[in-house]
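The values are calculated or read from the model by the stated rules, or taken from the named source; none is laboratory data. Please read these numbers as outputs of a predicted model, since none were measured by experiment. Cβ placement follows ideal geometry from the backbone for every residue including glycine, while neighbour counts extend to all protein chains displayed. Accessible surface areas use protein heavy atoms only, side chains included; no ligands, DNA or RNA. Shrake-Rupley method; radii C 1.70, N 1.55, O 1.52, S 1.80 Å.
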Amino acid sequence: MSDTQLLGPLPGGMATGPRYRTSSRWAVSAAFYANGFVVGHWAPKIPVLAERLAISESVLGALVIMFGLGALVALLTGAVLTTRYGSASVVRWTSYMLAPGLLFISLSPNLFATALSMLWLGVFMGAMDGAMNANAVSVEKARGTAIMSSCHGFWSLGGLTGAPLGGWMLARYGELGHSLGVLVLTGILVIVAQFYYMDDRKLLAVDNGGDSDRAKSGRLVAMIPTGIGIYMLGLCAFLSFVPEGAILDWSALYLAKDHAAPVAVAGYAFAAFSATMALMRFFGDALRNRLGDGKTFFISALVASAGFAVAGLAPGLPMVIAGFLVCGLGLANMVPIIFSAGGRFPGVEPAIGIGVVTAFGYSGALTAPAVLGFIAEHTGLGTIFAGFSAVLVLTALLSLSLRALRP
């Protein structure tokens with residue numbers, strides 16, 4: 001099945017000129033980059049914040065949960081707003097609100113104010129995430145080709161550039177100077193991009209048949225319990241996010257504890273994973289256009305499964321790192337494919353579909369670290385990573401039962 005057939009024709013009433021489609025494609029890519037850029041700058045800020053507030057790891061963990069809960073609530077709330085007002089408008093305003101998020105955290109004088117600032121960051125990060133994915137689906141429909149994988153590649157690139165730059169800025173300019181710098185850099189990017197987002201309000205009007213706002217809201221409420229298939233797609237998102245989060249949270253400790261890796265080498269597993277994931281996402285759209293989403297997802301899950309088997313069972317450090325590298329190749333395009341499928345799920349509003357699958361995915365990323373840590377105390381991290389090999393085989397098989405992901 002070609003990707004043009006998969007995405008379907010664009011309903012009438014929307015601008016579809018080549019220049020408009022190209023500028024919209026780069027605008028939504030800039031939104032993904034900006035979102036990932038802020039996340040990347042948050043990572044090196046964590047120890048600085050913990051030292052300034054003199055808080056323990058458990059308290060810091062509670063703050064991170066505050067961020068995650070804000071993101072989860074905002075995903076579904078933002079989906080309703082996106083369905084009513086269009087994704088371009090929601091991306092535009094949430095990006096404005098996200099840009100000063102780290103500055104608010106830096107200016108927070110106590111734990112309570114920091115918790116509120118973390119909630120702010122999570123709310124607008126999550127709302128922007130859902131809206132920009134919905135906008136990417138609209139651009140895909142207008143172009144007739146896949147772009148979601150490379151959009152997520154730009155998100156990964158934002159994180160990869162933001163984290164080292166953030167560490168350098170913190171060391172040179174301090175916490176406040178760093179946050180002001182992030183505000184300026186992110187602000188410039190989102191202000192320029194705001195003029196070029198694809199306005200999909202006409203697409204929504206065609207899809208909704210001219211419904212009133214009240215009728216539209218009623219349709220959204222009715223859609224959530226009846227679209228059972230979208231929840232199965234959400235389960236695929238959950239099973240794709242959890243292995244990715246496990247590498248982020250536990251790979252360095254696994255190398256240090258189980259393979260006696262020095263501190264300087266312990267981060268190589270995540271570095272290899274991140275680099276191959278970012279790179280593969282930029283090739284993902286070509287694969288999707290050639291093979292279709294279903295085959296690409298199925299093959300990707302099996303490749304990731306092989307990577308986890310090597311990472312969890314290999315006796316030597318080089319092979320373990322190579323295993324995580326293969327994990328990045330496999331996991332790279334699974335989440336973008338699911339988001340794209342959620343945005344075009346039959347009978348479900350695009351923004352709601354994306355909101356549901358993203359909420360499932362974020363739930364996995366939010367709950368997995370604590371659960372995996374408890375299990376690892378009894379089984380070891382190697383067993384955890386090897387176990388994900390079986391999980392991903394099951395995910396590949398589950399995808400065969402979903403029409404949205406059928407090869």
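Could we say that P262 is under 26 Å from L366 (Cα atoms) and either modelled with pLDDT of 80 or more or open to solvent by 70 Å² or more (accessible area, probe 1.4 Å) (or both) here?
No: the conditions fail for P262.
Would you be able to tell me the number of residues in the stretch 36-61 that are in a helix (DSSP H, G or I) and open to solvent by less than 60 Å² (accessible area, probe 1.4 Å)?
Total meeting the criteria: 18.
Across the stretch 62-117, what is the total count of residues that are open to solvent by 70 Å² or more (accessible area, probe 1.4 Å) and under 18 Å from the mean Cα position of the chain (by Cα)?
Going through the stretch 62-117 one residue at a time, the tally reaches 5.
Could you tell me which residue of the stretch 265-315 is surrounded by the fewest Cβ atoms within 10 Å (Cβ to Cβ), considering only residues that are small (G, A, S) and more than 21 Å from D249 (Cα to Cα)?
Among residues in the stretch 265-315 that are small (G, A, S) and more than 21 Å from D249 (Cα to Cα), the one surrounded by the fewest Cβ atoms within 10 Å (Cβ to Cβ) is A286.
Inside the stretch 289-305, can you point out the residues that are β-branched (V, I, T) and farther than 12 Å from L397 by Cα?
Hits for the stretch 289-305 are T296, V303.
Return yes when I55 is of a type in the set (A, V, I, L, M, F, W, C) and modelled with pLDDT under 85 and no when it is not.
Considered against the rule, which asks whether it is of a type in the set (A, V, I, L, M, F, W, C) and modelled with pLDDT under 85, I55 comes out as yes.
Out of the residues in the stretch 372-381 that are surrounded by fewer than 19 Cβ atoms within 10 Å (Cβ to Cβ) and over 24 Å from the mean Cα position of the chain (by Cα), state the one that is nearest to F324 (Cα to Cα).
Only one residue fits best here, namely G380.
Report yes if T22 is at pLDDT 80 or above, part of a helix (DSSP H, G or I) and surrounded by fewer than 21 Cβ atoms within 10 Å (Cβ to Cβ), otherwise no.
Yes.
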